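K.L.:
Okay, here's the structure, questions in a sec.
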Amino acid sequence: MRSDEYQNFDALGLAQLVEAGDVTPGELLEVARQQADTVNGRVNAIVRFMNAEADQRVTDSLTGPFAGVPFLIKDLAQDYAGLPSSSGSRSLAGIPATEHSTVVRRWIDAGLVIFGKTNAPEFGAKGITEPRLFGPARNPWCLDRTPGGSSGGSAAAVAAGIVPVAGANDGGGSIRIPAACCGLVGLKPGRGLLPMGPSVGEAMHGAAVQGVVSRTVRDTAAMLDVLKGGEPSGPYLPAVPDATFLSQVGADPGRLRIGICTFSAINSAPHPEAQAAVDAAAAALTDLHHAVEILDKPPFDDQALAQDFLLTWFTFLAWEVDDAKRRTGCGDEGFEFDTRMMAALGRATGSVEYVDAVMRRHDHARRLSTFFDSYDLLLTPTLADLPPRIGSLDTPRPLRRAAELLLKTGTAGLLRHSTLMDQIIHNSLSWTPYTQVANVTGRPALSLPLHWTADDIPMGVQFTAQLGGEAMLLRLAAQLEQAVPWRDRRPTI
């Protein structure tokens, strides 16, 4: 099989070829490796190749819905026993995992052939993928732009044709942002539907979830079927629908009521291409006879939500840094400057202040649930701006010098009382202000590639649903995939 033939199939299509005897798992692995050899030097998507593990795997008798399909897992929270999960950090780069993550075990049981791990920012703390440990991942559609983060390596690998689907996870947009940057399908499932264990029951109070990025809706749906359901060590027994998620692909979504909002208090002037993406989606939805209505503001306080999100995220990051120090004995030299600065802000957060921010999540969820009394879905851009150019979000040198002095003197917490928090909100979230609400409230959300700029840069749109809305999202996504096809659009790299 040639690489161009391989890229014509999604993961389910490749599995069907294996089942029919038209191709072997070993042949698919070889062509995936060839494509990686061709493009990975330019996109830096794969940071660890698992050659011995994959070579052994293709000699096994593989079963499952994805039997024989090449696959990549994210080098963050998707542990493979015996290999490090670096989380993009020097501090963890040499610490092997003692057991498979539950999602990795389910991917293995589904017949996938895992042959590498993908690039991620340190601890997944950014919407870009530029770790000092591995260097930046690059967007196959425009190599000087980011593929997003934190699942940027996975998205770059799928967009570049190395694999048709790859492992991802999402604590504030980390599936949907890369999907939007790279012209892919990115579903963040609702809280508790997929497992996070076995080492933890949930991450970030349930805000972080597992998933994939893919080229087709049916691959995303079938992957949800593979991963869905709780585990004995988990905190929830999720309500899993009787019908498969794959069966929703092609089912009639009915006439949906969709509220559309592009306004954000964090970014009052989204890029015209963000508006164009939503306009294109609204036109397609109208042609499909859905009811669309323009909203003048989001159905929640997005500025307050962003502040609460970042406050809890910085505090969680402080714990991650301290936990890594305890596990490895490393000092501050094991962590990037931005990580140390954000962790210092987290340590300066009082315990009651932290709990206040966590408890306000219920207020945000209530406001959003009231919106769903009148609408089925909320439509926004996924990105408020074009994918940033590599290096453009680096901390400015004057701020870095000042913050380094405070870090050295142990007084970095004073930054909490400056205008730094507002500046960090703007720098971190101004181009992605729409994604965090789904994590904070636990709702499912889906980014779809419905728009490209004249320069062929993808700009996704996001649909957010109420609890249990994954099936609705998949039905609508499959309908839009037929009306506005995207799977054959590929970058030239």
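The values are calculated or read from the model by the stated rules, or taken from the named source; none is laboratory data. Because the structure is predicted, anything quoted here is derived from the model rather than measured. Note that we place each Cβ from the backbone using ideal geometry, even for glycine, and neighbour counts take in every protein chain shown. For accessibility, only protein heavy atoms count, side chains too; no ligands or nucleic acids. Shrake-Rupley method; radii C 1.70, N 1.55, O 1.52, S 1.80 Å.
K.L.:
Scan (1) part of a loop (DSSP other than H, G, I, E, B); (2) of a type in the set (S, T, N, Q); (3) at pLDDT 95 or above for the single condition T349 breaks and write down its number.
P.N.:
T349 satisfies every listed condition except (3).
K.L.:
Let me ask something else about it. So if I check each of G148, G135, G153, G161, which one is in contact (Cβ under 8 Å) with a residue 60 or more places away in the chain, on the phi > 0 side of the Ramachandran plot and crowded, with 24+ Cβ neighbours inside 10 Å?
P.N.:
G148 is the lone residue from the list that is in contact (Cβ under 8 Å) with a residue 60 or more places away in the chain, on the phi > 0 side of the Ramachandran plot and crowded, with 24+ Cβ neighbours inside 10 Å.
K.L.:
Additional query: I need the full set of residues from the range 372-393 which are open to solvent by 30 Å² or more (accessible area, probe 1.4 Å), among the acidic types (D, E) and more than 19 Å from P178 (Cβ to Cβ), in order please.
P.N.:
D373, the sole residue that qualifies.
K.L.:
Quick one: in the range 20-46, which of the residues that are of a type in the set (A, V, I, L, M, F, W, C) and not in a helix (DSSP H, G or I) is surrounded by the fewest Cβ atoms within 10 Å (Cβ to Cβ)?
P.N.:
Pass one, the range 20-46, residues of a type in the set (A, V, I, L, M, F, W, C): 20, 23, 28-29, 31-32, 36, 39, 43, 45-46.
Now drop any that are not not in a helix (DSSP H, G or I), which leaves 23, 45-46.
Working: V23: 19, A45: 29, I46: 28.
Top of the filtered list is V23.
K.L.:
Moving on to the next point. Give the residues of the range 244-300 that are β-branched (V, I, T) and either without any contact (Cβ under 8 Å) to a residue 12 or more places away in the chain or surrounded by 13 or more Cβ atoms within 10 Å (Cβ to Cβ) (or both), sorted by residue number. Break it down into steps so the answer makes sense when it comes.
P.N.:
Of the range 244-300, the ones β-branched (V, I, T) are 244, 249, 258, 260, 262, 266, 278, 286, 292, 294.
Result: T244, V249, I258, I260, T262, I266, V278, T286, V292.
K.L.:
Residue under question is S61, and the condition is that it be hydroxyl-bearing (S, T, Y), crowded, with 19+ Cβ neighbours inside 10 Å and not in a helix (DSSP H, G or I); does it hold? Please lay out each step first, then the result.
P.N.:
Working: hydroxyl-bearing (S, T, Y): yes; crowded, with 19+ Cβ neighbours inside 10 Å: no; not in a helix (DSSP H, G or I): yes.
Against the criterion (hydroxyl-bearing (S, T, Y), crowded, with 19+ Cβ neighbours inside 10 Å and not in a helix (DSSP H, G or I)), S61 does not qualify.
For (1) out of contact with any His (no Cβ under 6 Å at 6 or more places or on another chain); (2) part of a helix (DSSP H, G or I); (3) closer than 30 Å to F134 by Cβ; (4) at pLDDT below 90, each residue gets a yes or a no:
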| position | (1), (2), (3), (4) |
| --- | --- |
| A324 | yes, yes, yes, no |
| A357 | yes, yes, no, no |
| R360 | yes, yes, no, no |
| H364 | yes, yes, no, no |
| L368 | yes, yes, no, no |
| S374 | yes, no, no, no |
| P387 | yes, no, yes, no |
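K.L.:
Please verify whether A306 is small (G, A, S), assigned to a helix (DSSP H, G or I) and over 18 Å from S264 (Cα atoms), treating the condition exactly as stated. Can you show your working first?
P.N.:
Numbers: small (G, A, S): yes; assigned to a helix (DSSP H, G or I): yes; over 18 Å from S264 (Cα atoms): no.
Against the criterion (small (G, A, S), assigned to a helix (DSSP H, G or I) and over 18 Å from S264 (Cα atoms)), A306 does not qualify.
K.L.:
Next up: What about D79, is it under 19 Å from E122 (Cβ atoms), assigned to a loop (DSSP other than H, G, I, E, B) and open to solvent by 20 Å² or more (accessible area, probe 1.4 Å)? Break it down stepwise before answering.
P.N.:
Details: under 19 Å from E122 (Cβ atoms): yes; assigned to a loop (DSSP other than H, G, I, E, B): yes; open to solvent by 20 Å² or more (accessible area, probe 1.4 Å): yes.
Judged against the criteria, D79 is a match.
K.L.:
Go through (1) at pLDDT below 95; (2) surrounded by fewer than 15 Cβ atoms within 10 Å (Cβ to Cβ) for D338 and report which single condition fails.
P.N.:
Result: D338 passes all but (2).
K.L.:
Oh, and also: Only one residue in F9, F71, F49 is in contact with a strand residue (DSSP E or B) (Cβ under 6 Å, 6 or more places away or on another chain), touching a residue at least 24 places away in the same chain (Cβ under 8 Å) and open to solvent by 20 Å² or more (accessible area, probe 1.4 Å). Which one?
P.N.:
Working: F9 fails: in contact with a strand residue (DSSP E or B) (Cβ under 6 Å, 6 or more places away or on another chain); F71 fails: open to solvent by 20 Å² or more (accessible area, probe 1.4 Å).
From the options F9, F71, F49, the qualifying one is F49.
K.L.:
Also: Which number in (1) modelled with pLDDT of 95 or more; (2) over 22 Å from Y80 (Cα atoms); (3) not small (G, A, S) marks the one condition that H205 misses?
P.N.:
Of everything listed in (1) modelled with pLDDT of 95 or more; (2) over 22 Å from Y80 (Cα atoms); (3) not small (G, A, S), H205 misses just condition (1).
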